[in-house]
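Inspection log for the structure reproduced underneath, given as structure tokens.
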Amino acid sequence: MYTLFISTYDFIITIGLLKNNKKISIKEVKSVKSHSVFLIPTIESILKGNNLEINNLNEIIVINGPGSFTGVRLGVIVAKTLAYTLKINIKTITSIDALAISNNILKRTIVSINDNKGVYFAIYESNSRISDIKYLSKNDFDNKHINESIINNGVLDVEKITLFLKDIDTINPHNVKPIYVKEIEVLK
Amino acid sequence: MISSYQLKDIKDIIDLGLELNPKFKELFNISKLPKYENIIVYREKNKLIGFLHYLNNIDYIEIINLIVLKEKRNKNIASFLINNLLKNFNKKIVLEVRESNISAINLYKKFNFSTISIRKNYYGNESGIVMERNKDIYILGIESSCDETSVSIVKNGNTDIATTVLTQIDTHVNYGGVVPEIASRMHTENFTLVLEDLFNKTTLELEDMDAIAVTYAPGLLGSLLVGLEFAKTLSFVYKKPLIKVHHIAGHIYSNNLNEPMEFPLLALIVSGGHTELVLMEDDYKFNVLGSTLDDAIGEVYDKVAKVLDLSYPGGPSIEKCALEGNDTYKLPIVMNNDELNFSFSGLKSAVINLVHNEKQKENTINKNDLAISFQKAAIDQLIRKTRLAIEKTDSKRLIIAGGVSANKFLRAEMEKLAEEKNIKLSIPEVKYCTDNATMIAAAAYPLFFKKEFSNYNINAESSKRLY
């Protein structure tokens with residue numbers, strides 16, 4: 001069973017290819033405000049490099065945010081369109097949960113990612129999330145969570161993430177949506 | 001009534017064939033046809049009335065015989081048989097017909113066959129006409145440059161097979177204009193649903209498409225990117241060429257959905273971002289004769305609507321008020337000169353100042369009257385400049401394109417101008433004037449033949465110009 005992993009929530013596009021939940025290939029591309037230029041070509045090249053066709057895929061995993069709004073949207077639209085047209089399973093995971101799972105957290109730890117103005121974060125303990133995912137300005141976050149154990153902008157472990165999602169239900173591709181967390185001005 | 005032949009039909013087929021050609025039996029002397037050959041038969045109460053015999057080659061179909069019983073001719077039976085063939089195959093079709101068989105030749109012409117060569121004296125003292133009908137080209141169009149999520153299938157660049165447009169206007173109207181971030185979000189949520197809705201309207205499938213066309217510029221960047229990425233994914237999965245289309249080219253080519261544009265022609269492009277007069281010598285050959293020096297016409301409609309407390313978008317709401325009003329307000333006549341450029345900021349300022357002054361004097365404004373006075377002044381400038389361009393270029397054909405071409409007053413005034421100047425006018429149907437994917441697929445058609453296909457590394461461009 002082949003799984004395609006798609007992450008586009010920050011300036012690194014991560015595309016992973018797994019066979020029976022084991023990583024067989026991973027590509028990371030640095031892309032500043034040009035995810036559209038790199039996303040499909042990276043998927044194309046990882047498949048080609050492993051002598052696979054797009055219809056060999058059985059499952060899509062996509063990080064559906066939070067992070068760069070546009071980045072997340074592009075990952076999500078590609079993932080849900082692949083799942084819809086290929087009629088294969090799709091699962092989503094948040095960027096913060098994905099980073100937490102990649103790190104095996106036992107004692108209380110904050111997992112966070114930054115954007116240019118603030119911090120998305122959630123609190124984890126014994127490998128589970130014990131808070132909602134929130135967004136605070138950099139100053140507010142620093143004042144509020146001083147002296148706490150923090151993992152910031154960690155590295156994704158696609159195998160651990162895929163394994164974690166093994167028993168999670170798939171979603172109807174139409175219902176796959178980005179999560180944004182941070183409110184936009186007009187909606188406040 | 002229509003079916004593929006069975007062995008028991010062979011005798012009837014030969015009998016009918018003999019009516020046309022005494023040598024038919026010799027030409028057709030096998031009892032079972034090879035796999036690549038087939039006969040579609042038409043029966044009435046079990047009696048064989050007509051048949052169509054064809055060869056199914058790898059990349060084209062050859063019609064060998066099409067025969068209908070003499071007393072049953074002119075009853076569209078031949079058309080039924082041809083239609084059945086077209087329904088089953090989207091391939092090039094070739095055939096050969098006697099030059100004296102005018103009714104058959106006319107029938108084939110009706111089905112878009114055209115003569116490609118003549119076999120001189122093929123039938124002794126009579127020539128054979130070789131006719132060909134090209135395969136139909138289906139293009140899937142995708143549009144999301146602003147607040148409409150749309151997909152469409154267009155055949156041969158001129159026939160709308162199916163279209164779905166999901167407008168977000170009910171959401172954006174709450175904010176007094178399109179909120180780019182919300183537009184991008186809604187496109188992301190809705191594109192697969194819109195695609196499903198489209199293919200529920202037709203028996204065609206994505207595999208039947210010859211290309212995927214998408215608006216890549218200009219527009220809201222975030223919205224364009226979602227549509228572009230959606231299009232790239234479809235192109236990648238179905239291995240169909242990707243064609244990038246400029247939104248304004250889409251508006252222009254929506255005129256092909258009326259009837260094919262003939263060049264050279266003069267085009268007036270009027271939208272929220274454009275006000276231009278363009279001379280087109282050929283497909284995708286644009287020579288800009290004049291453009292706005294400041295605001296675009298659609299933009300001014302929106303701004304005037306805002307000053308009058310009318311809802312967004314300004315075009316329809318001003319037009320609605322204007323219907324109830326009398327042209328009582330004096331507004332300046334702008335750009336009354338020999339140039340082909342436009343200017344609307346003077347008119348806009350005049351309206352804004354008028355409203356402020358009246359408010360200061362605590363006078364009430366008659367919105368309906370001001371709406372019609374503004375509309376008349378704005379459209380008058382479009383008419384004047386278009387008339388000037390017709391005279392300067394001696395054009396015989398005029399097309400209007402862009403969102404503002406939905407304006408009924410503009411349409412009526414343009415028709416008057418066309419009559420005055422004895423010029424052929426084309427304006428898209430109102431449903432194709434607002435943003436839609438049909439026009440994108442139509443605009444991709446000439447690019448398909450130019451093989452202007454894109455790689456997956458193309459990016460969206462929010463302010464790229466067409467010309």
Original post:
For the range B:443-465, what are the residues that are in contact with a strand residue (DSSP E or B) (Cβ under 7 Å, 6 or more places away or on another chain) and basic (Lys, Arg)?
Top reply: B:464
Subject >> Unmet requirement for residue B:232, which otherwise passes all of (1) without any contact (Cβ under 8 Å) to a residue 12 or more places away in the chain; (2) crowded, with 18+ Cβ neighbours inside 10 Å >> reply: (1)
Original post:
So which of B:106, B:90 is within 30 Å of residue B:237 (Cα to Cα), assigned by TED's automatic domain parsing to the domain that holds residue B:6 and not β-branched (Val, Ile, Thr)?
Top reply: B:90
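Have a look at A:54, A:46, A:40 and point out the one that is in contact (Cβ under 8 Å) with a residue 12 or more places away in the chain, within 11 Å of chain B (Cβ to nearest Cβ), surrounded by fewer than 20 Cβ atoms within 10 Å (Cβ to Cβ) and within 19 Å of residue A:3 (Cβ to Cβ).
After applying the criteria, what remains is A:54.
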Subject >> Residue ID - nearest to the chain's Cα centre (by Cα), chosen from residues in the range B:2-42 that are modelled with pLDDT of 85 or more, in a loop (DSSP other than H, G, I, E, B) and surrounded by 10 or more Cβ atoms within 10 Å (Cβ to Cβ) >> reply: B:36
**OP:** Go over the candidates B:220, B:193 one by one and state the one that is modelled with pLDDT of 95 or more and either at the interface with another protein chain (Cβ under 10 Å from one of its Cβ atoms) or in contact with a strand residue (DSSP E or B) (Cβ under 7 Å, 6 or more places away or on another chain) (or both).
**Re:** B:193
Original post:
Do we find a residue being part of a helix (DSSP H, G or I), closer than 30 Å to residue B:311 by Cβ and either more than 9 Å from chain A (Cβ to nearest Cβ) or touching a Phe, Trp or Tyr at 6+ places or on another chain (Cβ under 8 Å) (or both) anywhere in the range B:197-204?
Top reply: yes
Original post:
With respect to the numbered conditions (1) at the interface with another protein chain (Cβ under 9 Å from one of its Cβ atoms); (2) touching a strand residue (DSSP E or B) at 6+ places or on another chain (Cβ under 8 Å); (3) among the basic types (Lys, Arg), which one is the sole condition not fulfilled by residue A:73?
Top reply: (2)
Subject >> Criterion violated by residue A:102 - all others in (1) within 14 Å of chain B (Cβ to nearest Cβ); (2) in contact with a Leu (Cβ under 6 Å, 6 or more places away or on another chain) satisfied >> reply: (1)
**OP:** Those residues that are loosely packed, with under 11 Cβ neighbours inside 10 Å and among the acidic types (Asp, Glu), I need them from the range B:347-364; list them, please.
**Re:** B:362
Original post:
Of A:171, A:184, which residue is free of Cβ contacts under 8 Å to residues at least 24 places away in the same chain, within 14 Å of another protein chain (Cβ to nearest Cβ), of a type in the set (Val, Ile, Thr) and closer than 19 Å to residue A:72 by Cβ?
Top reply: A:184
**OP:** Test residue B:117 against the stated conditions and say whether it is assigned to a strand (DSSP E or B), farther than 20 Å from residue B:33 by Cβ and either in the same structural domain as residue B:33 (by TED's automatic domain parsing) or touching a Leu at 6+ places or on another chain (Cβ under 7 Å) (or both).
**Re:** yes
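The values are calculated or read from the model by the stated rules, or taken from the named source; none is laboratory data. Predicted model only: the values in this text are computed from it and were never measured. Glycine gets a Cβ as well: all are built from the backbone with ideal geometry, and neighbour counts include every protein chain shown.
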